[in-house]
């Protein structure tokens with residue numbers, strides 16, 4: 001129970017910071033979707049380019065975050081040498097690939113559909129390469145249990161991004177001021193400066209990590225490097241395949257959409273903007289992951305399988321509550337995106353359900369990480385990616401961006417089920433399946449009620465009824481699974 005309390009504490013800090021960071025980051029969505037209308041396709045370009053970014057960050061870190069946690073806590077290893085070796089490995093690949101991309105920039109830009117704007121690719125790649133390098137110092141903060149600094153740096157990066165976006169997209173154009181010579185005579189907004197802003201913020205974060213970067217001076221361990229690469233390469237394959245489940249649709253969409261490139265980018269922009277609302281589930285999963293990964297690898301208790309089972313149940317409960325909350329307040333949350341994008345809000349429940357399954361898949365993944373059978377993760381994610389790509393190719397020409405939502409749902413579902421059934425053979429954990437399915441069933445019924453409420457009642461009445469539904473679910477959870485009586489007794493005794 002003490003371990004669960006420690007996990008809950010770290011999750012709360014990471015979770016709160018992640019919520020704050022995501023909330024601030026959400027401000028980019030209304031700013032960008034109002035200033036770049038859906039019909040123009042600029043937000044589609046942003047969605048498409050950052051889909052490549054999400055894959056590249058996996059490629060450039062090549063599984064070293066999880067590998068870093070494994071070897072920092074492994075008996076017989078020198079933690080500082082492991083840290084320094086990890087920094088040098090990721091730093092070398094980042095710097096080398098920046099040079100290669102700049103050398104072959106024009107053909108790469110042409111292959112990705114941006115032959116007329118190679119600067120999109122150049123700025124984006126330099127940014128993601130630096131982000132990949134800083135992933136190791138951020139992992140070091142996590143293993144050192146320093147969530148405050150971790151969260152502060154993440155939030156500072158996003159705040160700076162917001163301020164610069166406001167300055168470039170809103171303040172300077174409205175005032176017709178061009179102190180940096182970045183606008184044309186009519187103050188037309190150029191989407192490339194969104195990428196330049198991200199690069200500036202990334203460099204700022206790199207500077208603030210200067211203390212942690214000193215760890216690179218502890219030397220390079222060739223033997224540890226070989227062992228770590230052996231452990232990491234299946235995680236790289238798994239990570240790429242897993243990220244394909246999130247990014248492939250945005251990458252494939254312009255190639256398979258039944259229309260011209262401008263219309264494809266406009267439709268992709270609608271999808272990319274609306275799934276930002278669903279990303280609250282990614283936020284919860286990420287917060288849980290930041291605390292759970294070091295917790296699992298450092299936990300030495302004999303009852304750890306029971307702890308993992310309980311953690312899974314609480315993850316499912318709270319993600320279902322988040323799902324219902326988003327759907328219940330959709331009439332408010334839709335204002336996070338410009339009105340020209342609202343037609344795409346129907347993807348939100350599908351994408352959120354898919355992200356819940358991804359979170360379950362992540363929770364299940366520790367059986368092969370703890371038993372050093374990481375190749376299984378590559379198999380599961382690879383099969384899921386194949387499912388997603390096939391559905392995208394078949395359905396994008398027919399149902400546009402709805403294909404992307406359903407493809408992700410199917411891919412995560414397949415990966416989750418495969419990991420569970422095969423994992424039970426190698427590392428059996430008695431998950432409370434009956435209780436979890438009960439909560440899923442209740443959430444499904446409440447989702448139907450909320451949907452009917454949103455469709456048939458005035459906004460004020462729907463919000464009132466949905467709030468009552470959410471409170472009823474929360475009270476049920478509290479009475480059944482949270483020891484509130486014990487908490488109250490402790491408080492009254494003090």
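Looking at 74, 149 in this structure, which one is within 20 Å of residue 216 (Cα to Cα), without any contact (Cβ under 8 Å) to a residue 60 or more places away in the chain, under 21 Å from the mean Cα position of the chain (by Cα) and surrounded by fewer than 22 Cβ atoms within 10 Å (Cβ to Cβ)?
Numbers: 74 fails: under 21 Å from the mean Cα position of the chain (by Cα).
Step by step, each of 74, 149 is checked, and only 149 is within 20 Å of residue 216 (Cα to Cα), without any contact (Cβ under 8 Å) to a residue 60 or more places away in the chain, under 21 Å from the mean Cα position of the chain (by Cα) and surrounded by fewer than 22 Cβ atoms within 10 Å (Cβ to Cβ).
Is it fair to say residue 128 is at pLDDT 90 or above, assigned to a helix (DSSP H, G or I), on the phi < 0 side of the Ramachandran plot and more than 18 Å from the chain's Cα centre (by Cα)?
Details: at pLDDT 90 or above: yes; assigned to a helix (DSSP H, G or I): yes; on the phi < 0 side of the Ramachandran plot: yes; more than 18 Å from the chain's Cα centre (by Cα): no.
So residue 128 does not fit the description; no.
Testing residue 171 on (1) assigned to a helix (DSSP H, G or I); (2) more than 19 Å from the chain's Cα centre (by Cα); (3) in contact (Cβ under 8 Å) with a residue 12 or more places away in the chain, one condition comes back false. Which one is that?
Single failed check for residue 171: (3).
When the residues of region 189-225 are filtered to those that are free of Cβ contacts under 8 Å to residues at least 40 places away in the same chain and buried (at least 17 other Cβ atoms within 10 Å of the Cβ), which remaining residue is nearest to the chain's Cα centre (by Cα)? First the steps, then the outcome.
Pass one, region 189-225, residues free of Cβ contacts under 8 Å to residues at least 40 places away in the same chain: 190, 193, 197, 207, 210-211, 214, 222-223.
Of the ones still in play, those that are also buried (at least 17 other Cβ atoms within 10 Å of the Cβ) are 193, 197.
Values: 193: 23, 197: 20 Å.
Ranking the candidates gives 197 first.
Condition first: under 28 Å from residue 310 (Cα atoms) and surrounded by fewer than 12 Cβ atoms within 10 Å (Cβ to Cβ). Now tell me which residues in region 446-459 satisfy that.
Taking region 446-459 as the starting set, the residues that turn out to be under 28 Å from residue 310 (Cα atoms) are 446-448.
The one that is under 28 Å from residue 310 (Cα atoms) and surrounded by fewer than 12 Cβ atoms within 10 Å (Cβ to Cβ): 448.
Does residue 82 satisfy being part of a helix (DSSP H, G or I) and modelled with pLDDT under 90?
Judged against the criteria, residue 82 is a match.
Please work out if residue 301 is surrounded by fewer than 21 Cβ atoms within 10 Å (Cβ to Cβ), in contact with a helix residue (DSSP H, G or I) (Cβ under 7 Å, 6 or more places away or on another chain) and modelled with pLDDT of 85 or more.
Working: surrounded by fewer than 21 Cβ atoms within 10 Å (Cβ to Cβ): yes; in contact with a helix residue (DSSP H, G or I) (Cβ under 7 Å, 6 or more places away or on another chain): yes; modelled with pLDDT of 85 or more: no.
Criteria not met by residue 301.
Within region 181-218, work out how many residues are modelled with pLDDT of 85 or more and part of a loop (DSSP other than H, G, I, E, B).
Going through region 181-218 one residue at a time, the tally reaches 2.
Here is a list: 46, 58, 82, 108. Which entry is buried (at least 17 other Cβ atoms within 10 Å of the Cβ) and under 25 Å from residue 168 (Cα atoms)?
Numbers: 58 fails: under 25 Å from residue 168 (Cα atoms); 82 fails: under 25 Å from residue 168 (Cα atoms); 108 fails: under 25 Å from residue 168 (Cα atoms).
The conditions single out 46.
Scan region 252-259 and give yes if some residue there is in a helix (DSSP H, G or I) and closer than 30 Å to residue 88 by Cα, otherwise no.
No - not one qualifying residue is present in region 252-259.
The values are calculated or read from the model by the stated rules, or taken from the named source; none is laboratory data. Because the structure is predicted, anything quoted here is derived from the model rather than measured. As a convention, Cβ positions derive from the backbone with ideal geometry for all residues, glycine included, and neighbour counts pool all protein chains shown.
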